[in-house]
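What follows is calculated from the coordinates using simple rules that are stated; it is not laboratory data. This one's a predicted model, so the numbers in the text were calculated from it and none came from an experiment. So basically every Cβ, Gly included, is an ideal-geometry build from the backbone, and we count neighbours across all protein chains shown.
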Amino acid sequence: MRNEAQNGEAADFTSKRILVTGGTRGIGEAIVERVARGGGKVMASARILPAGGANDRFVQADVSVRTGID
């Protein structure tokens with residue numbers, strides 16, 4: 001029988017605050033969901049709104065340019 005660590009679900013993010021850039025699609029989106037599932041407070045940023053529209057875990061920003069983070 002496999003335990004949680006072997007299944008990759010052992011990480012506990014309780015009391016952690018994490019910002020994921022590019023968190024609306026692909027790997028970034030998966031990271032956002034995993035951190036949230038692990039109890040962490042997670043925010044995602046991206047240049048465009050997520051498919052479902054804005055939500056309470058999203059900040060629209062383009063961090064590739066200085067004006068996007070000011």
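For the reader, a short list of remarks on this structure follows.
- Residues Lys16 and Ala51, FRET efficiency given R0 of 25 Å [Cβ-Cβ distance, rounded to 0.05]: 0.45
- Stretching the chain fully between Ala30 and Thr67 yields a gain of 10.6 nm (0.36 nm per residue, less the alpha carbon separation).
- Remark on Ala44: its backbone amide H falls under 5 Å from those of Val20, Phe58, Val59, a criterion applied only to residues 5 or more positions apart or on other chains, H modelled at 1.01 Å from N.
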